[in-house]
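Taken together, the values in this text are just the output of simple stated rules run on the coordinates, not laboratory data. In this text the structure is predicted, and so the values were computed from the model without any measurement. With ideal geometry, Cβ positions are generated from the backbone for all residues, glycine too; neighbour counts draw on all protein chains shown.
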Amino acid sequence: MPALDAYDGCVQHENGIGMARTFEAEVRAALAGDEIETTGVRSGFFAWVDGAPADGYRAPRTQSSDPVGGSPTVTADDPPVMILTGTLGAQALEPLLPELPGNVALLPVENRFFGGNIGVTGLLTGADLTRVLAGATPGARYLLPDVALSRGRFLDGTTVDDLPHPVEIVATDGASLVAALRS
């Protein structure tokens, strides 16, 4: 990927331009204990198109819990933490796995709802998550980025409560992921 400064401030962040590189920088800064401004929801093309809602093109995201600082002590008894993500998100996260605290693995979710050719996490549906979680590890912690939800619902109308395993919703930025893994 190009360096972060090559994206000219990531003004098209919501379109995916610079999103993976920004996320990587946020994760590394959080791991190092550095302060960094997280991206959160950014305005972009969809926010100014006629007919777009005033608050952007998607509903406000679910608030995650407050970040918890410090480095945890990880033991062999710790349950695995599975990060649910789209197939493109898995490609961005995979190089960061060795640096993340805890017993962390990826659980990529193929988006069959849209025919299998959509890889972004923001378009995952409850049906696709249910399919993957049905055969998933019992007792694991499951983290899901809030970008997959709009007003508490997936695109197919289902909710987190409809999933076969409890899932923790995490804000879609690198610092929030690190904080969730440390909690």
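Summary of values
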{"read-out": "Linear extension gain, E168 paired with L123, 0.36 nm per residue minus alpha-carbon span", "value": "14.4 nm"}
{"read-out": "FRET efficiency estimate (nearest 0.05) - Cβ-Cβ, R151 to A105, R0 25 angstrom", "value": "0.25"}
{"read-out": "Fully extended contour minus Cα-Cα distance, from A32 to D78, at 0.36 nm per residue", "value": "14.3 nm"}
{"read-out": "Simple spin-label estimate for F114 and D161 in nanometres, 7 Å along Cα-Cβ", "value": "2.7"}
{"read-out": "Neighbourhood charge, 10 Å Cβ-Cβ cut-off, centred on D162 and excluding it, Lys, Arg +1 and Asp, Glu -1", "value": "-1"}
